[in-house]
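Note sheet for the following structure.
The values are calculated or read from the model by the stated rules, or taken from the named source; none is laboratory data. Please read all numbers here as calculations on a predicted model, not as lab measurements. As a convention, Cβ positions derive from the backbone with ideal geometry for all residues, glycine included, and neighbour counts pool all protein chains shown.
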Amino acid sequence: MAKKIIITGVSGQDGSYMADFILNNTDLDVFGMVRRASKPDYSNLKNALKSSRFKLVTGDLSDSQSIENLVREINPDYFINLAAQSFVGASWQIPEQTFDVTAVGVLRCLEAIRKFSPKCRFYSAGSSEEMGDVTYSPQDLNHPIRPRSPYGAAKAAARHLTKVYKESYNLYAVHSILYNHESERRGEEFVTRKISKGVARILTSIKRDRAFKPIELGNVDAKRDWSHAKDFVRGIWIMMNQEKAKEYLLSSNETHSIREFVEKAFLCAGISGLWHGEREGEEFSISQSYGNAVNPSSSVLVKINPEFYRPAEVALLHGDSSLARKELGWQPEISFDKLVELMVLSDIDEAQKSEE
Ligand code: G4F
C-alpha cells in the first residue's frame, strides 16, 4: 500500500510546491488540507489536481476536531504543516488569530499525531522572524529568539512545542527555520510579489502610452535573505527522511535590501530608475527616455507610503544554512537574480494575457 502524506496550507505557495514535489518525486498519496471557503482559490494546484494520487480534504488548524479526524482516518506516514497566518504585517491587526493558527495550530497537530498516529513524521515550518531583532549576522540555529511581531512570537512558540513533543513522546517532529522564500505563486501582499506585479502593471502602461500610478512601499532599507520556495520544499523533504529528527535552517546565505529588489525587478522589465529624495519623500523614478512611450505625467515608479511601515521592523535577516548544506547535502539552485527574473517575467506574461 502506498504511503500517505497530509499537507496543510496546500493551496498556498509552499503547500502547492510541496504537493507538486511529492507527486513528482515519490509514489505517496497526497492529502492536501484546505479550509472550507465559499470561493476557494485552487490556482496553485493546477498540476496537483490532475493527479489521481492527490485528494483535497477539509480541515482547519483552529479546529482540533477536524485535525484529529483527518489524522485518525488517514493515518498518515508524514504530516507537513505549511499553513499559518503567514503575513507578518497583519499579525499586529489580528494577533490572537495569528497566534491561534500559527502556534496553537501546531499544538493541535502534535496532539492529533500523539494520540492517533505516533509513528507519523511531523514537520512544521518555522521562520527567520523568530530571530527578529538580530544580534549577529549571518544567523545560525544558536541565534537567540528575539521576535519583533506577534507572528514571530507565534512561530517561536511553535518551535518550543515541537521540541517538547519530540522529546516527551519520542515523535519524529521537526521545526526548521525558513528564511524568506518567494516565487511566481507568492501572495500579492508580500513585498516581492507586490513589486513584481507592480513592475508588470507599469510596463504594460508604458508600452500603451498610458499614465500609471507608482508602487507604494514601506521600509525599503530592510534586508532579507530570499530564496525560491521550490528549493525549500526539497530541503524540507530531505529533513523528513533522516535517521533522526533534527532542526535545520534553510537560507540562501545572502542578504539584499528591498531597494535592491526594486532596482533589479525594473531592470528585468528593461526599465532603469534612480532613487531621489529622503525618507517619506523618497521616490524611484525612470532614469532614461522611452521616446514617446513615457507619459510625462508619470515617471515615478515607486514612492514611500508610511502606511506600510510596521510597528516594529526586523531590519536585517541573513541566514547561515551551512549545517543543512553539510549534513543534508542541500543547497539552493535558484539564485537571487534568477528569482527576481522568474517573478517579474511571470507577472509580465500574466499582465499581457489579461490585456488581450
Ligand atoms: O514580504 P514581507 O511581508 O515578508 P516578511 O515580513 O519578511 O515575512 C516573510 O518572511 C518570513 C521569513 O523571514 C516568513 F516567516 C513570513 O511568513 C513571510 O513569508 O516583508 C519583507 C520586508 C519587511 O521588512 C517589510 O517591512 O519588506 C518590507 N516592506 C516594505 N514595503 C514591505 C512593504 N512589506 C510588505 N509586505 N509590503 C510593503 O509595501
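The residue pairs whose first member lies in segment 1-26 and is of a type in the set (Lys, Arg), whose second member is at pLDDT 95 or above, and whose beta carbons are closer than 6 Å, counting only pairs six or more residues apart or on different chains, are Lys3/Leu28; Lys3/Asp77; Lys4/Asp29; Lys4/Ile74; Lys4/Pro76; Lys4/Asp77.
When you scan segment 272-281, do you find a residue that is surrounded by 17 or more Cβ atoms within 10 Å (Cβ to Cβ) and over 28 Å from Ser91 (Cα atoms), even just one? Yes, that holds for at least one residue.
In segment 149-172, the condition of being farther than 21 Å from Gly319 by Cβ, part of a strand (DSSP E or B) and either within 22 Å of the chain's Cα centre (by Cα) or within 12 Å of the ligand (Cβ to nearest atom) (or both) is met by no residue.
Phe308 meets the conditions (1) modelled with pLDDT under 95; (2) at negative phi; (3) within 16 Å of the ligand (Cβ to nearest atom) in every case but one. The failed one is (1).
Whether any residue in segment 130-142 is of a type in the set (Gly, Ala, Ser), at pLDDT 95 or above, within 16 Å of the ligand (Cβ to nearest atom) and more than 16 Å from Ala83 (Cα to Cα) is what I want to check. Within segment 130-142, one or more residues are of a type in the set (Gly, Ala, Ser), at pLDDT 95 or above, within 16 Å of the ligand (Cβ to nearest atom) and more than 16 Å from Ala83 (Cα to Cα). Selection of segment 10-52 for residues being in contact with a Leu (Cβ under 7 Å, 6 or more places away or on another chain) and either among the acidic types (Asp, Glu) or surrounded by fewer than 17 Cβ atoms within 10 Å (Cβ to Cβ) (or both) yields Asp14, Tyr42, Ser51. The set of residues from segment 240-262 being surrounded by fewer than 22 Cβ atoms within 10 Å (Cβ to Cβ) and of a type outside the set (S, T, N, Q) comprises Met240, Glu243, Lys244, Ala245, Lys246, Glu247, Glu254, His256, Ile258, Arg259, Glu260.
The single condition from (1) buried (at least 22 other Cβ atoms within 10 Å of the Cβ); (2) within 15 Å of the ligand (Cβ to nearest atom) that Phe122 fails is (2). Can you tell me which residue within segment 202-237, out of those that are at pLDDT 95 or above and surrounded by fewer than 16 Cβ atoms within 10 Å (Cβ to Cβ), is farthest from the chain's Cα centre (by Cα)? Here the residue is Lys213.
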